Amino acid sequence: MAVDNKHPGDLAARLAQNLSRLSRERRTGDGFRRESFTLPREKAREKAREWFSRFPKAAYMTEIESWRELDDGAIEFTMRRLPSAD
């Protein structure tokens with residue numbers, strides 16, 4: 001595994017990011033991975049299609065968990081999926 005950490009701060013930042021992700025997963029406790037986005041309507045559609053293509057619903061139970069339209073017309077949404085198709 002060739003992770004290139006040039007400075008101690010790089011390692012610390014990566015560890016903090018991983019801990020934050022694990023903490024979020026533990027809070028929900030349901031085993032799903034979630035990612036939230038705020039994008040213009042067309043970009044939001046593209047991102048959702050990308051997720052469904054990359055993580056097929058039949059294998060990963062991928063879905064748009066929640067969404068809303070913001071005042072500026074952008075779409076804020078959360079995608080969720082299982083971490084693997086085991």
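How high is the FRET efficiency between SER66 and GLN17 when r is their beta carbon distance and R₀ equals 30 Å, given to the nearest 0.05?
Values: r = 23 Å, r/R0 = 0.77.
The calculated FRET efficiency here is 0.80.
Can you bin region 33-86 into rounded, prolate or oblate? Criterion: square roots of the alpha carbon gyration tensor eigenvalues sorted a ≥ b ≥ c, rounded for a/c under 1.5, prolate for a/b above b/c, oblate for the rest.
Numbers: a/c = 3.36, a/b = 2.15, b/c = 1.56.
Because a/c hits 1.5 or more and a/b exceeds b/c, region 33-86 counts as prolate.
Read-outs throughout are calculated quantities, based only on the coordinates presented, and are distinct from any laboratory measurement. Note that the structure is a prediction, hence the values are computed from the model and not measured. Quick reminder, even Gly has a Cβ in these numbers, built from the backbone with ideal geometry, and neighbours come from all protein chains shown.
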